[in-house]
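S.K.: Here you go, one structure.
What follows is calculated from the coordinates using simple rules that are stated; it is not laboratory data. Since this is a predicted model, take the numbers as computed values, not measurements. No Cβ is skipped: glycine too gets one built from the backbone with ideal geometry, and neighbour counts run over all protein chains shown.
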Ligand code: PRX
């Protein structure tokens, strides 16, 4: 027996030991007992972290949608697979059963086929949080097309860069989207982006807001009439375990976003197994993850992980503050949510509101609370635990990444004793290591270093789309023979892990992963700007906010500065999206640079955080005098 569902701490240790000592036996058993394969694998795992090359379940054949939908039809056909809670509380929620989901996925799969989409083609999905979004992922997977979901908050430039990087031939979008009291013209953003995307031949448009949109002859088609004509069954494409399932972009320290490639078999096994255990999901529970499907959390823990377990998964179109700050709690009460998974930014924003917003709702259905995306501070952890969980629902602080595909370090609720701000123990099969800067592993407890993983796990990304060298450089070069996460962590006296944050130039703002380089590139496009540097500084709600140091070509009059600040943020919004806007912009005459021309960000980070004490060693700076100049006019 593969111990699919872990229920005691002793069992965790026992299963963990097995997963580490005999990983192939362990994962082979999980895969065999709990999934539907068209053909079994020849080999559970082959790997080499130097090339790097990782293959799980090689030789096996399957279709992930058969595992997420078809196999439930017999026993769970009338069970709700998806609950859709609209932005507007007056609009009725939708309950989509497994049988209905099957029909809708098949219809869209058939439409895609009719539009010429074939196995291996890339399809871009740029949709708000509506059922068609989940259905679109699954429809692509049904026919073996590789989906590339772009978060619908990204700008037209960000959209076109990503579409071109992976050469998508079709885009699925909607006329518009609702977010709180606002509505956004998504189709117009797509139209603008596609001016630079000659490879896109077809755009399928879902009607959501009924706003007037321009439809380009020969390219744009309303989706509903095509669905109405489509057959409700579609034979699944048989995929190899290592065939790509999707591409999902994440920011890097350097310019271009990285299209992380996840494959089919290992990703399915890992997301399903983590979902079952990390949320202790049992039949008839209602599970809600508040993430957007545009991020990995939504892919793995709104769509694939829950559906592979036959779960009921809720998706919410709106925002926590609309119509007021009780919305999340109203939804928990209305749908009797059992597992609730959100981000520290949301928790901090909600904790700032009057307590009555939470207290006026019956939250007694909650059994497990989750946190993901950034470190959770102690205050937010306690508020979540006390006010929402009433001290009876364990908090699972789950550490993982787009690259890891699924949860890596986490408590298992009712199994692992929790500790505020600690992600606690490695999940089954995960072998973390903390490394010092010289590349030596820090053994034992009470150590702090760079967080690496020593052994492959089934859910890991296999490459960066079109750039395997970059995959190797980014993740497998800093500590040869290991996967390097880019995060720092400490291990306490009992072996619990606490994630301390990024150690590279990626900044996590409101749980969004932002690279400094693309933002700086955008700012430098402003005709008045000569150079810029971005750092993060602590922010009450967002965790981090962005602080920009900008050198102007001509210093100009300070009364112009406010306008320039607006223009710079406008450029960032156009190139990336509003999530990357700067909270503070300081104009300066220079930046602290080493002799080799590298900006010493450590100093800028201290200034941005108002920590003006000891600036550390500045002797390697070419221009040490600039430090005081910047300090004196810090914002
Ligand atoms: O820095 C870590 C932080 O989020 C980064 C990954 O971001 P992304 O790929 O967008 O995926 C987010 C959702 C999985 C990590 O490198 N992070 C994620 N979870 C935690 C976290 N930091 C602290 N604690 C966490 N629980």
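S.K.: How far is it, in nm, from the label point at residue 605 to the one at residue 39 when both lie 7 Å from their Cα along the line to the Cβ?
M.R.: The answer from the label model is 4.9 nm.
S.K.: A further question on this structure: Considering all projection directions equally, how large on average is the shadow of the alpha-carbon convex hull of segment 90-237, in square nanometres?
M.R.: Projected over every direction and averaged, the Cα hull of segment 90-237 covers 8.6 nm².
S.K.: While we're looking at this one, here's another question. Considering Cα pairs under 8 angstrom that are at least six residues apart, work out the relative contact order of segment 419-561 and quote it in whole percent.
M.R.: 17
S.K.: By how many nm would the segment from residue 10 to residue 554 lengthen if fully extended, with 0.36 nm per residue of separation less the alpha-carbon distance?
M.R.: Details: separation 544, 0.36 × 544 = 195.84 nm, distance 6.65 nm.
Once the chain is fully extended between residue 10 and residue 554, it gains 189.2 nm.
S.K.: If a paramagnetic tag sat 7 Å from the Cα of residue 185 along the Cα-Cβ line, which residues of segment 140-157 would have the backbone N under 13 Å from that point?
M.R.: Within reach of a label on residue 185, which here means backbone N under 13 Å from a point 7 Å along Cα→Cβ, segment 140-157 contributes nothing.
S.K.: Then there's this: Using Cβ counts within 10 Å as a stand-in for footprinting exposure, how do 532, 300 rank, fewest first?
M.R.: Result, fewest neighbours first: 532, 300.
S.K.: Helix-only mean residue ellipticity at 222 nm, the chain, DSSP H runs n ≥ 4 weighted -39,500 (n - 2.57), per residue, nearest 500. What is it?
M.R.: Details: 20 runs with 183 residues, N = 635.
Calculated at 222 nm, the ellipticity per residue is -8000 deg cm²/dmol.
S.K.: Take every Cα-Cα pair in segment 392-536 and report what % of them are more than 21 Å apart.
M.R.: When all Cα pairs of segment 392-536 are counted, 50 percent exceed 21 Å.
S.K.: Only bridges with both residues in segment 506-632 count here: give the DSSP antiparallel percent, nearest 5. Walk me through the intermediate numbers first.
M.R.: Details: 16 of 21 bridges.
Taking every DSSP beta bridge within segment 506-632, about 75 percent pair in antiparallel fashion.
S.K.: Ranked highest first by the average count of other Cβ atoms within 10 Å around their residues, in what order do 431-444, 598-611, 402-415 fall? Kindly include the intermediate steps, with their values, before the conclusion.
M.R.: Numbers: 431-444: 13.6, 598-611: 18.0, 402-415: 24.1.
The peptides rank, most packed first, as 402-415, 598-611, 431-444.
S.K.: Moving to a separate point now. At residue 217 and residue 71, where each label point lies 7 Å from the Cα along Cα→Cβ, what is the point-to-point distance in nanometres?
M.R.: 5.0
S.K.: While we're looking at this one, here's another question. Report the full-extension gain for the segment residue 589 to residue 500: residue separation times 0.36 nm, less the Cα-Cα distance, to one decimal in nm.
M.R.: 28.8 nm
S.K.: Classify segment 506-632 as rounded, prolate or oblate, taking a ≥ b ≥ c as the square roots of the eigenvalues of its Cα gyration tensor: rounded when a/c is under 1.5, otherwise prolate if a/b is larger than b/c and oblate if not.
M.R.: Cα axes put segment 506-632 in the oblate bin.
S.K.: For the chain, how big is Rg over Rh, using alpha carbon atoms and the Kirkwood form of Rh?
M.R.: Result: Rg/Rh = 0.95.
S.K.: Take residue 95, project a point 7 Å from its Cα along the Cβ direction, then tell me which residues of segment 274-306 have their backbone nitrogen under 15 Å from it.
M.R.: Residues 284-287 qualify, since their backbone N sits under 15 Å from the label point.
S.K.: For the chain, calculate the relative contact order in percent as a whole number, restricting contacts to Cα pairs under 8 Å that are 6 or more residues apart.
M.R.: Rounded, it is 12 percent for the chain.
S.K.: Treat each spin label as a single point 7 Å out from the Cα along the C-beta direction, and report the residue 541 to residue 334 distance in nm.
M.R.: Placing both labels 7 Å beyond Cα along the Cβ direction yields 2.2 nm.
S.K.: In whole percent, what relative contact order does segment 106-254 give with Cα contacts below 8 Å and a gap of six or more residues?
M.R.: 29
S.K.: Could I ask something else about it? How much length is gained on full extension from residue 355 to residue 447, taking 0.36 nm per residue of separation minus their Cα-Cα distance?
M.R.: Answer, rounded to one decimal: 29.3 nm.
S.K.: Can you compute the FRET efficiency between residue 229 and residue 51 using 1/(1 + (r/R0)^6), with r the Cβ-Cβ distance and R0 = 41 Å? Round to the nearest 0.05. Could the numbers behind the result be given before it?
M.R.: On the way: r = 47 Å, r/R0 = 1.15.
With a Förster radius of 41 Å, E is 0.30.
S.K.: What's the exposure ranking of 615, 215, going from fewest to most Cβ atoms within 10 Å? Show your work: numbers first, answer last.
M.R.: Values: 615 18, 215 15.
So the residues, fewest neighbours to most, are 215, 615.
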